[in-house]
Every structure is written in C-alpha cells, then in structure tokens.
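Read through the structure below, which is laid out as structure tokens, and then see the notes.
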Amino acid sequence: MTATTTAIPPVLAEVVRSGFVEGHHRGSLVLLAADGGVELALGDPDAPVFPRSSNKPFQAVGVLRAGLELAGERLALAAASHSGETFHLELVRTMLAERGIAADELQTPPDLPLDPVEAEAYLAAGLVRDPITMNCSGKHAAMLAACAHNGWDRTTYLDPAHPLQRLIHSVVEEASGERVAAVGTDGCGAPLLAIGLTGLARAFRSLVTAAPGTAERRVADAMRAHPEYVAGTRRPDTWLMREVPGTLSKMGAEAVQAVAFADGRALAFKIDDGAGRALGPVLARALELHGVAAPVVARIGRAPLLGGGAEVGEIRATF
C-alpha cells in the first residue's frame, strides 16, 4: 500500500501561556499588491475553501443585479454578519415590512445575537432564539426582497437552482476569476460556494476598484460608509473600516478573513482549524505587512490568555 503525503500548512499563530508555547494554529494566507499581483503567499492559498460569510458582499451584489434597489444601511446589512444589536434587528424588520414580507418567511435558523454582550442582555430580557436575531437575517431579508421584486418563488429562495442563487453563483465566479469548486450549505442555510483564497482576495479587490455606480462598488461603498451595520459596535470589521478609511473588511466563520484597500491591495486567509481566537493576531500581522500603521491594528491583534483571571500569555502571529 502506497502512502500519500499532504503538505502541512504553515503555522500562522502560536499560543503562548506563561512563556510556554502550548499550541499552534496553521493556515494559508495571500497578500495582493495594488496591481493585483501576489505579494506574499503562505500555505496553499489557491486551494478551494468555503469563505463562509466573507462571501456575503457578493450575495449583496447578486440582489442588486436582480434589480432590487437597496442603499445605505440597508445595503450594508444585506452584506452583514450583524451582532444582533437593537438597531440591526429593527432594520431587518423594517426591510421585511417595506416589501410586504412576513417575518416567518425568513429561513434563517433561530439563534441568539452573535455578540456575547448582546446575547446576555437578550436572554436577561426573557427573549428566546429567533430567526431575525440570527446574524444572517439582513442578507436573507434582502434575498426575499429580491425574490418579491422579480416575482420569484420565496419558499425556495435558498435552493442552489433558484434564479437568485444561480445569479449569485455567477457573481462569485466573475469576481474571483475562478470556477466554484464545490457547493455546500452555510450555517444560515444559504448556498456556500468554494473558491481559493487568492480568488477571494481578488474578488474583494474587484469591489473596491469597480467603477462608481456599479453593483460591486455600491456594495463596497455602503459597507465602508456603514460598517456598524456590517458587523457591530464591538467587532474588528467595524473598527477597521471605521478607522482606516477606504478599507473593506469581512470575516467569515471558521476563521476566514478578507480585506481590500482603496488602492487595490487585498488579503485573504483562513485558519485551518477554524479557531476564531487566532483571527485577530493573524489579521493584524497581515495589515502590518501591507503597511497599515493605524492604532486599530494593535487593538485587533490583541488576544490575551488568562490564568486565574489574570493575563498570563497571548496568541501571536508567527510570520
């Protein structure tokens, strides 16, 4: 029997407790220069991954291409993994009501707010898991609105064969310059499209470099103008877009991150084991390599480890 070998991804972050390295987080990463060329590649950034919620800006492009008129906070929320703060939930309800869509048409699974502070307050108020509270409800509200606009079936809006999902599929392939390698189901129930990290970075670059007024640029501009609707008041995507003007940033589950800058530089990475605790330090280091020197970088990169309630170590990038 012949053994096969697979390249082991490089360590992107290490876990240091009391001066002792107790663990590692491996993954792949790519940095693109302003002209779109690869500036740095670690691991295998061309291997397909599920970008998870980093795909949401392209789903928002899809609803615009379907003819839905969205702008401002509504368009930012269509591309969001929102924290479940009051202003998020109120706008989702408004978006549904504006199109005559009942809340029970949302096919998001019932959930608590994504932000832990919001989740504690939500439970303390005696509330229960709800589809609107799920972090993808803004995206789903926009998808249902696009279906209503076109007279498409709303009960099957998450089927990969649905006209809206076929349109989104083509948007992802066009933006990334790659064929979708696999189709899965995301945590919210929507189709999930696998592409490489290089393709993901290229796709984010296409949003910020698109001509003003195009669907791609409208999504990028809405997200950058209203970052608190893309994430929340206590989230790194919001901090980065708010404090480094012109930056587009969107995380995804399983420790995926994509960022593009106004001049066309971009980056994307994934931590193989899906550990979100490594995302901040790796993102901060990637931003440093791209020359971002804003104070927010240190804030994003801080990932302390506690022992007995005191700080005894950290998770830190290794590249």
Looking across the range 239-252 at residues that are surrounded by fewer than 24 Cβ atoms within 10 Å (Cβ to Cβ) and either of a type in the set (D, E, K, R) or touching a Gly at 6+ places or on another chain (Cβ under 6 Å) (or both), the single one that is farthest from Leu114 (Cα to Cα) is Glu243
Checking the conditions here, which among Arg179, Arg166, Arg224 is in a helix (DSSP H, G or I), among the basic types (Lys, Arg) and over 17 Å from the mean Cα position of the chain (by Cα)? Arg166
In the range 175-201, how many are free of Cβ contacts under 8 Å to residues at least 12 places away in the same chain and in contact with a helix residue (DSSP H, G or I) (Cβ under 9 Å, 6 or more places away or on another chain)? 1
Which residues, counting only those in the range 296-310, are surrounded by 10 or more Cβ atoms within 10 Å (Cβ to Cβ) and farther than 22 Å from Ala255 by Cα? Gly307
What are the pairs with Cβ atoms under 8 angstrom where one residue, in the range 55-80, is among the polar types (S, T, N, Q) and the other, located anywhere, is open to solvent by less than 10 Å² (accessible area, probe 1.4 Å) and in a loop (DSSP other than H, G, I, E, B)? Sequence gap at least six, or different chains. Gln59/Ala79; Gln59/Ala190
In the set Glu98, Glu120, Glu105, which member is at pLDDT 95 or above, touching a Phe, Trp or Tyr at 6+ places or on another chain (Cβ under 9 Å) and open to solvent by 10 Å² or more (accessible area, probe 1.4 Å)? Glu105
Out of all the residues in the range 25-42, which are in a strand (DSSP E or B) and not charged (D, E, K, R)? His25, Gly27, Ser28, Leu29, Val30, Leu31, Leu32, Val38, Leu40, Ala41, Leu42
Right, Phe204: open to solvent by less than 10 Å² (accessible area, probe 1.4 Å), touching a residue at least 60 places away in the same chain (Cβ under 8 Å) and farther than 30 Å from Phe20 by Cβ or not? yes
Residue among Val172, Val180 that alone is touching a Leu at 6+ places or on another chain (Cβ under 8 Å), at negative phi, aliphatic (A, V, I, L, M) and open to solvent by 10 Å² or more (accessible area, probe 1.4 Å): Val180
Mind listing just one residue for me: the one in the range 137-154 that is open to solvent by 50 Å² or more (accessible area, probe 1.4 Å) and either in a helix (DSSP H, G or I) or touching a residue at least 40 places away in the same chain (Cβ under 8 Å) (or both) and, of those, farthest from Leu64 (Cα to Cα)? Arg154
Going by the structure shown, is Pro45 within 25 Å of Ala303 (Cβ to Cβ), open to solvent by less than 30 Å² (accessible area, probe 1.4 Å) and touching a Lys or Arg at 6+ places or on another chain (Cβ under 9 Å)? yes
Considering only the range 182-203, state which residues are under 14 Å from Lys270 (Cβ atoms) and part of a helix (DSSP H, G or I). Leu197, Thr198, Gly199, Leu200, Ala201
Assess whether Ala220 counts as being on the phi < 0 side of the Ramachandran plot, in contact with a strand residue (DSSP E or B) (Cβ under 9 Å, 6 or more places away or on another chain) and either surrounded by fewer than 19 Cβ atoms within 10 Å (Cβ to Cβ) or aromatic (Phe, Trp, Tyr) (or both). no
Which one is nearest to Arg205 (Cα to Cα), of the residues in the range 265-283 that are buried (at least 23 other Cβ atoms within 10 Å of the Cβ) and among the small types (Gly, Ala, Ser)? Ala266
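The values are calculated or read from the model by the stated rules, or taken from the named source; none is laboratory data. Note that the coordinates shown come from a computational prediction; the quantities given were computed from them, not determined experimentally. Don't worry about glycine lacking a Cβ; one is built from the backbone with ideal geometry, like all the others, and counts go over all protein chains shown. When the accessible area is computed, the model is the full protein with side chains, heavy atoms only, and any ligands, DNA or RNA have been set aside. Shrake-Rupley method; radii C 1.70, N 1.55, O 1.52, S 1.80 Å.
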